[in-house]
Amino acid sequence: MTYRRLPSLVALRSFEAAARHRSVTRAAAELSVTPGAVSRGVRALEEELRTALFTRAAAGLQLTPAGETLFAAAREGLDRIATGLSAMRHAAPRRLRIGAYTLFASRWLIPRWGRLRAAHPELEIELETSADPLELSPGAFDAVIAVTDARPRPGLAMLPLVPIAMLPVCAPSRLAGFDWRREPLLHSRQRPEDWPRWLDAAGIGGVDGRRGPRFESIALALDAAAEGLGVALAIQALVGPDLAAGRVVAPHCYLRQTSRHFTLLHDAERATEPALSRLRDWLAAEAAAGTAKDAKRAP
């Protein structure tokens with residue numbers, strides 16, 4: 001078999017979408033990721049290939065000669081993959097391949113997995129997780145649970161599941177003498193603006209919202225908070241078990257609602273497929289029940 005030396009498929013999909021739309025912003029909307037994620041994918045591809053693929057001007061993106069060549073090949077290749085996947089889906093029944101954020105899977109989905117199996121023993125689900133939004137593109141899975149705002153995505157069915165609302169938490173031992181001016185703020189590198197936004201919205205002044213250590217993810221920042229290292233911002237819908245167990249407490253009652261949700265995304269044309277429809281209905285019911293519980297225990 002001939003060895004194929006290929007760049008990252010994730011980076012290629014970012015480049016192909018940006019080249020087709022001549023816009024990073026529109027490519028990001030199609031792929032359900034941030035413009036920054038698309039830009040990083042394109043930049044990584046340019047660095048790997050050691051050539052510029054776009055020229056960037058006020059009028060938008062323009063392909064270089066190398067970019068034109070790669071765009072034609074990438075578009076043809078991705079179209080053929082999509083055609084093959086569609087034919088495979090209709091050829092025979094198979095399990096659902098679902099992508100989800102690692103944090104959402106570990107804190108929300110896995111604790112409910114037993115109920116899913118009890119309600120739908122006929123479903124065979126392969127769950128894959130990632131903290132990288134580019135790896136959770138709807139086109140790579142039967143469905144994904146990703147972070148989105150309310151804007152519609154052409155060709156995609158969207159079901160908002162869990163609102164993203166931020167709540168400060170710390171170990172119970174830190175409550176005595178708690179002072180925002182001295183308290184270490186624990187940050188997630190994935191959400192660098194959370195603390196400045198929360199402090200401003202909560203009306204807490206005189207605190208540098210950018211001070212304090214940074215962690216790779218919200219999950220690690222939460223673990224650090226539980227160990228007494230400072231105060232972290234957690235997603236309310238995902239921190240309930242930790243609050244109930246007394247692992248962490250909320251030192252302030254302000255809950256900052258964001259415009260984003262953990263959202264189920266899949267090809268709109270597949271909405272009536274029985275397996276996908278059953279999973280979607282089950283997720284919707286679980287999300288509604290969870291939202292009601294969160295409202296009752298809100299600080």
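The values are calculated or read from the model by the stated rules, or taken from the named source; none is laboratory data. Note that the structure is predicted; figures quoted are calculated from it, not measured. No Cβ is skipped: glycine too gets one built from the backbone with ideal geometry, and neighbour counts run over all protein chains shown. Each accessible area value is taken on the protein alone, full model and side chains, heavy atoms only, with ligands, DNA and RNA left out. Shrake-Rupley method; radii C 1.70, N 1.55, O 1.52, S 1.80 Å.
How do Tyr254, Tyr101 rank by accessible surface area computed with a 1.4 Å probe, from largest to smallest?
Final ranking, largest accessible area leading: Tyr254, Tyr101.
Could you list the residues of segment 28-65 with an amide nitrogen less than 20 Å from a label point located 7 Å from the Cα of Arg5 in the Cα-to-C-beta direction?
Output list for this probe position: 44-53.
For Arg214 paired with Thr51, estimate the spin-label separation in nm (one decimal), with each label point 7 Å from Cα along the Cα-to-Cβ line.
If labels sit at Arg214 and Thr51, their model points lie 3.4 nm apart.
Arg22 versus Trp180, label points 7 Å from Cα toward the beta carbon: distance in nm?
4.8
Given the protein chains as shown and a 1.4 Å probe, how many square angstrom of His120 are accessible, to the nearest 10?
40
Can you compute the FRET efficiency between Glu128 and Ser277 using 1/(1 + (r/R0)^6), with r the Cβ-Cβ distance and R0 = 25 Å? Round to the nearest 0.05. The partial results should precede the final answer.
Details: r = 21 Å, r/R0 = 0.83.
Calculated value: 0.75.
Could you state the per residue volume, in Å³, of the convex hull enclosing the Cα atoms of segment 154-299?
Roughly 121 Å³ of hull volume per residue.
Rounded to the nearest whole Å³, what is the per residue volume of the convex hull around the Cα atoms of segment 173-223?
Taking the convex hull of the Cα positions in segment 173-223, it is 80 Å³ per residue.
Based on DSSP, what percent of beta bridges with both residues in segment 27-166 are antiparallel, to the nearest 5?
The answer is about 30 percent antiparallel.
I want to verify the translational diffusion coefficient of segment 96-225 in µm²/s; compute it with Stokes-Einstein, Rh as the Kirkwood radius over Cα pairs, at 10 °C and 1.306 mPa s.
Numbers: Rh = 17.3 Å.
In µm²/s, the coefficient rounds to 92.
Of the heavy-atom accessible surface of the chain (probe 1.4 angstrom), what whole percent is carbon and sulfur?
Roughly 55 percent, rounded to a whole number.
Please state the Cα pair-distance histogram of the chain with 5 angstrom bins from zero: what percent is in each bin?
1, 5, 10, 14, 15, 14, 13, 11, 8, 6, 3, 1, 0, 0
Considering only DSSP beta bridges where both residues belong to the chain, give the percentage that are antiparallel (nearest 5).
In the chain, DSSP labels about 65 percent of beta bridges as antiparallel.
Give the accessible surface of segment 13-153 per residue, rounded to a whole number of Å², with probe radius 1.4 Å and ligands, DNA and RNA excluded.
Using a 1.4 Å probe on heavy atoms only, each residue of segment 13-153 averages 53 Å².
Can you tell me how much longer the chain between Asp79 and Ser259 gets when fully stretched, taken as 0.36 nm per residue apart minus their C-alpha distance, in nm with one decimal? Each step should come with its number before you reach the end.
Values: separation 180, 0.36 × 180 = 64.80 nm, distance 3.31 nm.
Stretched fully, the Asp79-Ser259 segment lengthens by 61.5 nm.
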